[in-house]
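Throughout, read-outs are computed from the coordinates displayed, never taken from laboratory work. Since we're looking at a predicted model, the values are computed, not measured. Here the Cβ is made from the backbone with ideal geometry for all residues, glycine too, and neighbour counts use every protein chain on show.
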Amino acid sequence: MSPPGRPKGEYRSAQHEGTPVSAPGRSQALIPEPFKGEGTPVSASLRPAVILDRDGVINRDRGYVHRTEDFELLPAVVPALRQLAAGGYVLAIVTNQSGLARGLYSLADYERLSRHMLTELAREGVAIDGIEYCPHLPDAAVSAFRVDCGCRKPAPGMILALPDRLRLDL
């Protein structure tokens, strides 16, 4: 059960380990509420996980997807995610979001699209346990995101941030 005033399955945006969004070299996170699904507490034991990219894996990649009307789940995604969840896997997403650094869309746009994606998946019975995103680029137009970081894929920073947060056994 979600806290009063928050619909089930809604994720809140959070700062990574208390650092601001513009923190150099740190990925940012959308963290699930303390309970997921129908009030099942998150387990204290380590769990296996599947970590997925977003654009081109979860949704059709139309280039810098940031508007809900441009978001389209790929056809095989929902059945595959259901099967993975049924197998006991935690589902997490890691995504480079250079459109933030390029000034193509705002953090509010990104968060709106992420909530939309989570809502669409929840309607299909799929719960995503966490999302990590990297807003950085070394030559970013937005100075707050002008960072040569360790979280932008293919660097492993976003993946390495997940185990402690989601109690994962990678």
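Data for the structure
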read-out	value
Loop sites in segment 45-142: GluC sites (Glu not before Pro), DSSP, at most 16 other Cβ within 10 Å	Glu72, Glu124
Globularity ratio of segment 33-170, using Cα Rg and 2.2 N^0.38 Å	1.07
Relative contact order of segment 54-139, pairs being alpha-carbon contacts under 8 Å that are 6 or more residues apart, as %	36
Nitroxide proxy distance, nm - points 7 Å out along Cα→Cβ at Glu111 and Asp70	2.0
Total charge dipole magnitude, segment 38-170, about the Cα centre, Cβ charges on Lys, Arg, Asp, Glu only, Debye to nearest 20	80
Total charge dipole magnitude, segment 102-170, about the Cα centre, Cβ charges on Lys, Arg, Asp, Glu only, Debye to nearest 20	140
